[in-house]
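Report on the following structure.
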Amino acid sequence: GLIVDPLRKAEFYILQADKRLNMGMFLRDQGKNVLMEQVVSKGEKYMEKAVSGLTVLKSSGAQVPANIIDRLEKSMTKHIEELETLLAKAEEAQRTGLRASLDLIKKLQGEVEKLK
């Protein structure tokens, strides 16, 4: 079904991002590095969707609930930790993509500050 409520949509996107990150770590353990990088990268795009949806919501004059901001921040902190771990062990071919994902999340952290 289509999720219309922007808050529920944001929560759904955060969940998807977290799922992809976990899947990426699992794939890395399986030695599937190319797939790992693709899955993780897709996950961070979900995080971007969550943040941009909430940014639109806030600009429409609505209040973004503190619990969602908190959830986003906790999730992003975890993503940064895991991405740095993945990067440290990644092969050169995957580093560029992982670094781009890491940069994206760090940029999004700044956006989250503006949601408060």
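So, for the chain, what is the accessible surface per residue at a probe of 1.4 Å, expressed in square angstrom?
For the chain, the solvent-accessible area averages 57 Å² per residue.
So what does V4 come to for accessible area, using a 1.4 Å probe and Å² rounded to 10?
Counting only protein heavy atoms, V4 exposes about 120 Å² to solvent.
Could you pull the accessible area for S59 with a 1.4 Å probe, rounded to 10 Å²?
It works out to around 100 Å².
Can you compute the equivalent ellipsoid semi-axes for region 65-116, i.e. the square root of 5 times each eigenvalue of the Cα gyration tensor, sorted largest first and rounded to whole Å?
Computed over region 65-116, the values are 25, 11, 5 Å.
So for the chain, if I pair up every lysine 8 or more residues apart or on another chain, how many of those pairs have alpha-carbons under 13 Å apart?
Going through the chain pair by pair, I get 11.
Computed on alpha carbon atoms, what radius of gyration and Dmax characterise region 1-86, expressed in Å?
Every Cα atom of region 1-86 included, Rg and Dmax give 14.0, 47 Å.
The values are calculated or read from the model by the stated rules, or taken from the named source; none is laboratory data. Just so we're clear, the structure is a prediction, and the values are computed from it rather than from any experiment. For the accessible areas, the whole protein counts, side chains as well, though only heavy atoms, and no ligand, DNA or RNA atoms are used. Shrake-Rupley method; radii C 1.70, N 1.55, O 1.52, S 1.80 Å.
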